[in-house]
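Single-structure report; data block below.
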């Protein structure tokens, strides 16, 4: 899995700049005092000039990074954890989120075929990742899945729809108290995976495979996610009553 940097990594750079700045100021003060006393030799004077230049460069760099840090703090306050440029290593990434769930897991997307393929296996020898949803159900986690109706999908996705429907029906039969799925009233425009207090949401682009689309991983109390989570609940209520 390719490492995805968190949006807070830049903060380390800001702190490092402060450390370098303090060291440079201390050195410059020392050489400045020596220069004032007339104790600096000619080659030391050149060194002092170089240190002053470095000090100015560090101050400029620090100011730029501090401005970035202020912008990052805005994301932090919004509850955004990571920006995912694509879905490389998606099984590993989603597994960490799903395996931490103790109350609920929600999914919304076109067919859920890839999601079920990655995380639904009754074979105990298949490993923790491949049976993540089954293990979650065994922990008492409630799972809700919303997918598009077959008629709302492009014909190229009908095979995936049929594959997913077979698994969904079996899960609903085997685990009626913990697992439910329904159909969306409209074609979905985004995918959503929620596990307790964490959520990953990304766009559905017809011309692109889900593996190459970006996504945002955030806390469920993030104001950024309000409309997505409310949309899921509205669609779920519509599906139950229809």
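The values are calculated or read from the model by the stated rules, or taken from the named source; none is laboratory data. Since this is a predicted model, take the numbers as computed values, not measurements. Note that we place each Cβ from the backbone using ideal geometry, even for glycine, and neighbour counts take in every protein chain shown.
I want to confirm something. Restricting to the stretch 199-216 and keeping residues that are in a loop (DSSP other than H, G, I, E, B) and out of contact with any strand residue (DSSP E or B) (no Cβ under 8 Å at 6 or more places or on another chain), which single residue is modelled with the highest pLDDT?
Going through the qualifying residues, I end up with 205.
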Determine which single condition residue 117 fails, assuming it passes every other condition in (1) at pLDDT 90 or above; (2) under 16 Å from residue 191 (Cβ atoms); (3) surrounded by 16 or more Cβ atoms within 10 Å (Cβ to Cβ).
(3)
